[in-house]
1. Select from the stretch 181-191 the residues that are in contact with a Phe, Trp or Tyr (Cβ under 9 Å, 6 or more places away or on another chain) and either closer than 14 Å to residue 287 by Cα or modelled with pLDDT under 85 (or both) and list them in ascending order.
2. Would you check if residue 195 is assigned by TED's automatic domain parsing to the domain that holds residue 293 and not acidic (Asp, Glu)?
3. Checking residue 48 against (1) at pLDDT 85 or above; (2) touching a Phe, Trp or Tyr at 6+ places or on another chain (Cβ under 9 Å); (3) aliphatic (A, V, I, L, M); (4) over 18 Å from residue 180 (Cα atoms), which single condition isn't satisfied?
4. Is there any pair linking a residue in the stretch 98-111 that is in contact (Cβ under 8 Å) with a residue 24 or more places away in the chain to one that is not hydrophobic (A, V, I, L, M, F, W, C), with Cβ under 8 Å and at least six apart or on different chains, and which?
5. Hey, any hits in the stretch 184-206 for a residue that's farther than 16 Å from residue 276 by Cα and of a type in the set (Ser, Thr, Tyr)?
6. Can you pull out every residue in the stretch 279-296 that is over 18 Å from residue 44 (Cα atoms) and in contact with a Leu (Cβ under 7 Å, 6 or more places away or on another chain)?
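The values are calculated or read from the model by the stated rules, or taken from the named source; none is laboratory data. These numbers come from a predicted model, not from an experiment. Cβ: placed from backbone, ideal geometry, glycine included. Neighbour counts: every protein chain shown.
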Amino acid sequence: MKFDITRLFDLVAGDPQADRAVPPTGFTARLTLFTAGAMAFLAVFALALSLATGRLADRWSAELARTSTLRISAPADQADAQLLAAVEVLQTTPGVAQARPLTADEQRKLLEPWFGPELPIEDLPIPQLIEIIEEGDGYDATGLRARLQAEVPGAVLDDHTRWREPLVAAANRLRSLGWLALVLIAASTAAMITLAAQAALAANAQVIRVMRLVGARDIYIARAFVRRFTLRALSGAAIGTVAGVLAILLLPSADVAGGFLTGLGFQGAHWFWPLAIPPLAAAVAFFATRAAALKTLREQS
């Protein structure tokens, strides 16, 4: 443990003699800060997208898997009889917790987004809907359809499977794309920092040769580059993360009517996830700079 603390102190404090080989300002310093900041900003949104679509997939899967709809299309003189027969069939079906016919007001509300609030639903031949809520392992859809066909000819069962599965699959795919975006962001950060480190090493080749003449080893020189670039990446990523979190806070709050587009922010403990972005950016910079520095120094030998 003492060794790890010492190494961490050396990384933060640095060595003034070795630091002379690394330019404190200039193009490479600005490039590293900008790259880390921009990638951290994008990482916040990729993380928010992945977590939000994960919540969406879980919610859709849980909610839609427990509900079904029965639609009854029958002549006016048979509608009430078929409705009563359908409710009786559903109430005696294992796995059905509740079967509730929707009222005229509820059906009007369902159609309101398309036809407006003044739809005269009582005067239109609109099928009667029954909401089915499942319990336990659910019901046997095939068996229930066969029973309904025999006892309620005008009933059509919709267990939501046809349109539930594509929605859940799309949300899961978006979640995977969000995590893939995070991997690509990390890879892009490593590539840009590697180029910046190589440019800094090439620009200070003369200073490095002088340090070698006085006995400095390559690992000693590389450590100075690793320290500077790691701290720059940490600082830039911290700024980018704060900017990203502030941008997320400015998004509309989650709203049922707004659907997915108003639920892209973080919720609950997920707000702690962005705190991991600056340390991860620093770790990426550490390994990328170390590999680039050691390779370039070997080539300059």
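1. 190
2. Taking the combined requirement at face value, the residue satisfies it.
3. The number of the failed condition is (4).
4. 98/131; 99/91; 99/131; 100/131; 101/128; 101/131; 102/128; 102/131
5. Going through the stretch 184-206, the residues farther than 16 Å from residue 276 by Cα turn out to be 184, 187-188, 190-206.
This time we only want the ones that are of a type in the set (Ser, Thr, Tyr), so: 188, 194.
There is at least one residue in the stretch 184-206 that is farther than 16 Å from residue 276 by Cα and of a type in the set (Ser, Thr, Tyr).
6. Residues satisfying the conditions are 293, 296.
Conditions (1) under 30 Å from residue 84 (Cα atoms); (2) aliphatic (A, V, I, L, M); (3) at pLDDT below 80, marked per residue:
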| position | (1), (2), (3) |
| --- | --- |
| 130 | yes, yes, no |
| 133 | yes, yes, no |
| 153 | yes, no, no |
| 156 | yes, yes, no |
| 163 | yes, no, yes |
| 166 | no, no, yes |
| 178 | no, no, no |
